[in-house]
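Asker: Quick one: this structure, given as structure tokens, is what I'll be asking you about.
Please treat every number below as a calculation from the coordinates, not as lab data. Since we're looking at a predicted model, the values are computed, not measured. Quick reminder, even Gly has a Cβ in these numbers, built from the backbone with ideal geometry, and neighbours come from all protein chains shown.
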Amino acid sequence: MKIDVHTHILPKTWPDLRERYGYGGWIRLEHHHPGRAKMMMDDRFFREIDANCWDPATRMAEMDDMDIDVQVLSTVPVMFGYWAKSEDAWDLSQILNDDMALTCETHPKRFLGLGSVPMQAPKLAVKELERLMTLPGMRGVQVGSHINEWNLDDEDLYPFWEACEDLGACIMVHPWDMMGRDTMPRHWLPWLVSMPAETSRAICSVLMGGLMDRFPGLRFMFAHGGGSFPATLGRIDHGFTMRPDLCQTRTKNPPSSYVDRIWIDSIVHAERSLDFVLDVMSAERIMLGSDYPFPLGELHPGKLIEGTTLEYTTKEQLLSGTALDWLGLDRASFETDASQKHTEMIGGQR
């Protein structure tokens, strides 16, 4: 069984947000060719996407080709809307969550969802979290690596983390709004350098911010293999010990003491990198993720894990066992015979 916990989806259409809210900065889709669309930020090109980013039938056909049983869906981070007016970001999150829940409800054996909430307004974020957790297939939320000027340990966010703990919501932290991007115009450096640093920023904020002490039931998963955090954990621990005046203001426990209480996905792109994070965190804390359908992810989800010399039980843990543990589900929830999996398409067509 293969469960891909890190995939992105968008509705095929949504309202003109500039017209709906009265100001720009929002993403819209231009469907300029069958199965192709441009993501436009006002009149500026952002990214080209294919039908696999919005069409469940296309996704399921590709999942079958790649032997993926279940995808966990989340929006594209540019849709977070943290910069916008709170009420407008809340409205957009409902549009995204309702569309995602419909996909999960229509294909319950193939899709689960991580919703969006207006994190810049914690009270509204809690309200939307409470709603989305009642929707079909929704298991939690995706949040950014920081919320405007707040890191994830900001006290203003405590009510939201408390609600996540109370509701048993899984939390995927995805890098976004990468630090230093304006000073890195060439070589795709924001995605290659800043993105891993953003994830480490988020992990350090959660761990040194004492969130795991204050809310021990939180279920954080950090995307892209934990970014640069696993490789720099020795330095981080050393700094934590040497500068307690700066690092030990909210917890006395070193960051390494929490690695058995957080999760990461497997997007590390090299077998030696996978071996390293396994040594740092163990298979029980690492799960298959691909960043589907985007090119910086693993193009054939699970190929890296399956191609290693790891024992079968370890591969099984990475491909599905850890995901089931994180999601709070059992394997029987998704048992389906091969013929059903390969024919469960919209209209019965591949």
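Asker: Looking at region 62-120, which of its residues are of a type in the set (Phe, Trp, Tyr) and touching a Lys or Arg at 6+ places or on another chain (Cβ under 9 Å)?
Answerer: Correct list: 90, 111.
Asker: So, one more: For residue 106, work out the one condition from (1) closer than 27 Å to residue 148 by Cβ; (2) surrounded by fewer than 19 Cβ atoms within 10 Å (Cβ to Cβ); (3) among the hydroxyl-bearing types (Ser, Thr, Tyr) it doesn't fulfil.
Answerer: Residue 106 satisfies every listed condition except (1).
Asker: Here's something else I'd like to know. Scan region 155-175 and give yes if some residue there is of a type outside the set (Lys, Arg), touching an Asp or Glu at 6+ places or on another chain (Cβ under 7 Å), part of a loop (DSSP other than H, G, I, E, B) and under 23 Å from residue 86 (Cβ atoms), otherwise no.
Answerer: Yes, the conditions are met somewhere in region 155-175.
Asker: Can you tell me which residues in region 16-62 are out of contact with any Cys (no Cβ under 9 Å at 6 or more places or on another chain) and among the small types (Gly, Ala, Ser)?
Answerer: Within region 16-62, 22, 24, 25, 35, 51, 57, 61 qualify.
Asker: If you go through region 111-154, how many residues are in a loop (DSSP other than H, G, I, E, B) and crowded, with 24+ Cβ neighbours inside 10 Å?
Answerer: Qualifying residue count, region 111-154: 6.
Asker: If you don't mind, another one. For residues in region 74-88 being of a type in the set (A, V, I, L, M, F, W, C) and in a loop (DSSP other than H, G, I, E, B), which is farthest from residue 14 (Cα to Cα)?
Answerer: Here is the first cut: in region 74-88, the residues of a type in the set (A, V, I, L, M, F, W, C) are 76, 78-80, 83-84.
Still in the running and in a loop (DSSP other than H, G, I, E, B): 76, 80, 83-84.
Details: 76: 14, 80: 15, 83: 19, 84: 17 Å.
So, considering only residues that are of a type in the set (A, V, I, L, M, F, W, C) and in a loop (DSSP other than H, G, I, E, B), the one farthest from residue 14 (Cα to Cα) is 83.
Asker: Take the conditions of a type outside the set (Asp, Glu), more than 23 Å from residue 301 (Cβ to Cβ) and surrounded by 23 or more Cβ atoms within 10 Å (Cβ to Cβ) and apply them to residue 29. Does it pass?
Answerer: Judged against the criteria, residue 29 is not a match.
Asker: Would you check which residues across region 279-293 are under 20 Å from the mean Cα position of the chain (by Cα) and buried (at least 16 other Cβ atoms within 10 Å of the Cβ) and list them?
Answerer: The answer is 281, 283, 285, 286, 287, 288, 289, 290, 291, 292, 293.
Asker: Then there is this: Considering (1) crowded, with 21+ Cβ neighbours inside 10 Å; (2) part of a loop (DSSP other than H, G, I, E, B), say which one residue 71 fails and leave the rest.
Answerer: (2)
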